[in-house]
1. Give the residues of the range 62-72 that are surrounded by 18 or more Cβ atoms within 10 Å (Cβ to Cβ) and either out of contact with any Phe, Trp or Tyr (no Cβ under 7 Å at 6 or more places or on another chain) or not aliphatic (A, V, I, L, M) (or both), sorted by residue number.
2. Looking only at residues in the range 46-61 that are surrounded by fewer than 15 Cβ atoms within 10 Å (Cβ to Cβ) and modelled with pLDDT under 95, which one is nearest to S164 (Cα to Cα)?
3. Show the residue pairs meeting these rules: Cβ distance below 7 Å; 6+ apart or different chains; first residue within the range 25-46 and part of a helix (DSSP H, G or I); second residue surrounded by 14 or more Cβ atoms within 10 Å (Cβ to Cβ).
4. Need the failing condition index for A54 against (1) touching a Lys or Arg at 6+ places or on another chain (Cβ under 8 Å); (2) touching a residue at least 60 places away in the same chain (Cβ under 8 Å), just the number.
5. Check A9, A19, A38, A28 and return the single one that is touching a strand residue (DSSP E or B) at 6+ places or on another chain (Cβ under 9 Å), surrounded by 13 or more Cβ atoms within 10 Å (Cβ to Cβ) and at pLDDT below 90.
6. Scan the range 79-100 and give yes if some residue there is part of a loop (DSSP other than H, G, I, E, B), at pLDDT 95 or above and buried (at least 17 other Cβ atoms within 10 Å of the Cβ), otherwise no.
7. Within the range 67-78, restricting attention to residues that are over 19 Å from the mean Cα position of the chain (by Cα) and assigned to a loop (DSSP other than H, G, I, E, B), which residue is nearest to D121 (Cα to Cα)?
8. Scan the range 121-142 residue by residue and report those that are more than 19 Å from the chain's Cα centre (by Cα) and either polar (S, T, N, Q) or over 14 Å from S79 (Cα atoms) (or both).
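The values are calculated or read from the model by the stated rules, or taken from the named source; none is laboratory data. The structure presented is a predicted model; accordingly, all values stated were derived computationally and were not measured. Cβ atoms come from the backbone with ideal geometry, glycine included; neighbour counts cover every protein chain shown.
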Amino acid sequence: MKHIVLSAALLSFAAGAQAATIDFSDSAFASTFDGIGATTYSTDGVLFSFSATARGVDGYRQAFGGGLGFGVPGNGMYSVAFTADQDITVESLSGHGHSLTGYAGQLPFDIARDGVSLIDDFMFASASDETYDFGGTPIALEAGSTLSFVVDFGALSGSSIYASAVFEALDFTATSLPAVPLPAGAPLLLGGVAALGLLRRRKSCAL
């Protein structure tokens, strides 16, 4: 019975595991100049803790039209990092880049997990919205681990005042297995088994 219940729970979890989205245009990421750049964001039952650095004073910068704005123009952001309260798989990142042809290339980012580089110098191709799938390999992130996106100005081609980028959304899938509830009658069943065991023991002692 226990195996059947567990199998059913696993099948239910697999069927229900669908990608959810972090919307960087959400008010949780409104422009701030608080010098802290910390916020929380909850979606699909997962709680995220974000931190950010930026030019001038740390905090978030909303780009014109929505999304997190990175780069020197507009005192943009230099980095964003987050942790989740359960295991997730990061599926894709949506956004776009801006650069002045002849003066700078697209803004490059280093993507790291717990300080270990995963992808060097990722960049959006153009000002048109696009979705990046991390080279076809989703990023597994354990609860409490940190995934960071940091602008790599050293790898930028041209002047930093002519390049920027916008993060619009990040898609993820929760991979932690939820707790499997016991059947409603399990406590009564366990109590009955214990009572029968006690009764048999008393009869053996009487003999």
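1. Q62, A63, G67, G69, F70, G71, V72
2. G56
3. Partner pairs satisfying both residue conditions: A28/T39; A28/Y41; F29/T39; F29/Y60; F29/Q62; F29/L68.
4. All conditions pass for A54, except number (2).
5. Values: A9 fails: touching a strand residue (DSSP E or B) at 6+ places or on another chain (Cβ under 9 Å); A38 fails: at pLDDT below 90; A28 fails: at pLDDT below 90.
Criteria check complete, one pass: A19.
6. So far as the range 79-100 goes, yes, one or more of its residues are part of a loop (DSSP other than H, G, I, E, B), at pLDDT 95 or above and buried (at least 17 other Cβ atoms within 10 Å of the Cβ).
7. Going residue by residue through the range 67-78, those that are over 19 Å from the mean Cα position of the chain (by Cα) are 71-76.
Retained after the next criterion (residues that are assigned to a loop (DSSP other than H, G, I, E, B)): 71-72, 76.
Values: G71: 14, V72: 17, G76: 18 Å.
Looking at the filtered set, the residue picked out is G71.
8. F124, A125, S126, A127, S128, D129
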